[in-house]
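The values are calculated or read from the model by the stated rules, or taken from the named source; none is laboratory data. In this text the structure is predicted, and so the values were computed from the model without any measurement. Every residue, glycine as well, gets a Cβ built from its backbone with ideal geometry; the counts of neighbours run over all protein chains shown. Note: accessible area is taken over every heavy atom of the protein model, side chains too, but ligands, DNA and RNA are not part of it. Shrake-Rupley method; radii C 1.70, N 1.55, O 1.52, S 1.80 Å.
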Amino acid sequence: MYVIVVGCGRVGADLAGRLSRGGHDVTVIDHVGSSFGHLDPAYRGRTIEAEPLAEGVLERAGIRETQALATVTNSDPVNAVVAHVARTVYGVPNVVARNYDPRWRVLHEAMGLTSVSSTAWGAQRIEELLERPRLRAVFSAGNGEVELYEVPVPDAWGGRTLGDLLAGVPCSAVSLTRGGRASLPDQGRVLAAGDIVHVTATLEGADRLGRRLEGGEA
């Protein structure tokens, strides 16, 4: 796959390195030449020192042939415009934009862009670890609006049913693992201490489930 990465800060450099190691053909664009020093010495792709929105730069990077483009600069307007141009003008099939400042997410959403907000997601994960130590997020959808959580069943819930644990909580059970063997659970499944339940939940659901496990909610 041919990929263009716009922005060679720490995120862009790491992304370009991962893609390059994965065998993809990569071109990185950044307007500051010294930024390419962030790239792994093993990086084997191209670099272009130029403003990504300057005339002819995306063409020179091969945007007409690219299958994917990621724009990960620390400027949300630049990311939004580059992504919009790549998708609507050049028809790039897979475009992802970084959202640097959460206050600009509304711009990305208004333009219908696929975006990743590392700042908001990172803050959310730290909040979860501080407030809900019993729940460990193992997968995030979107920008963390819905996550998959790994929930170890504590001693106090052994002998009670999965339905009791999840009653009234906006979440869905995905699997239950006991003795290393996973199964699709039903609400009447009796829990044992040490079971691992995987649930999908919003932040509200995770908060309520966490409080229930800690004994703060019946």
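Split the chain at each of the GluC sites (Glu not before Pro) in a DSSP loop with at most 14 other beta carbon atoms within 10 Å, and the longest piece is 66-144. Could you bin all the Cα-Cα distances of the chain into 5 Å bins starting at 0 and give me the percent of pairs in each, rounded to whole numbers? The calculated distribution, bin by bin, is 1, 7, 13, 14, 13, 10, 9, 9, 9, 7, 5, 2, 0, 0. Here's how it looks for Val6: its modeled amide H is under 5 Å from those of Ile29, Ala70, Thr71, Val72, which are all 5 or more places away or on a different chain.
The amide H of Val146, built 1.01 Å from its N in the peptide plane, has Ala141 as neighbours under 5 Å, considering only residues 5 or more places off or on other chains. What share of Cα pairs, in percent, lie more than 18 angstrom apart in segment 154-212? Within segment 154-212, distances greater than 18 Å cover 27 percent of Cα pairs. Using just its DSSP H runs of length 4 or more, each adding -39500 (n - 2.57), the chain gives a mean residue ellipticity at 222 nm of -8500 deg cm²/dmol after division by all residues. Karplus-based coupling profile of segment 6-21, in residue order and whole Hz: 9, x, 10, x, 5, 5, x, 5, 5, 4, 4, x, 5, 5, 5, 5, with θ = phi - 60° in 6.51 cos²θ - 1.76 cosθ + 1.60 and x standing for Gly or Pro.
Between Glu214 and Ser140, what is the FRET efficiency for a Förster distance of 35 Å, r being their Cβ-Cβ separation, to the nearest 0.05? After rounding, the FRET efficiency stands at 0.95.
Under 1.5 on a/c is rounded, so check that first for segment 102-218, then, if it is not, pick prolate when a/b is larger than b/c and oblate when it is not; a ≥ b ≥ c are the square roots of the alpha carbon gyration tensor eigenvalues. Judged from the Cα gyration tensor, segment 102-218 comes out prolate (a/c at least 1.5, a/b above b/c). Counting only DSSP beta bridges whose two residues both lie in the chain, roughly 50 percent are antiparallel.
Here segment 1-59 is treated as a Stokes sphere of Kirkwood radius computed over C-alpha pairs; at 37 °C and 0.692 mPa s its diffusion coefficient rounds to 294 µm²/s. Packing here is the average count of other Cβ atoms within 10 Å per residue, and on that basis the peptides 74-81, 183-190, 158-165, 92-99, highest first, run 92-99, 74-81, 158-165, 183-190.
Each Cα pair under 8 Å and six or more residues apart adds its separation to the average, and for the chain the resulting relative contact order is 13 percent. Entry comment: accessible area of segment 144-218 is 48 Å² per residue, from protein heavy atoms only and a probe of 1.4 Å.
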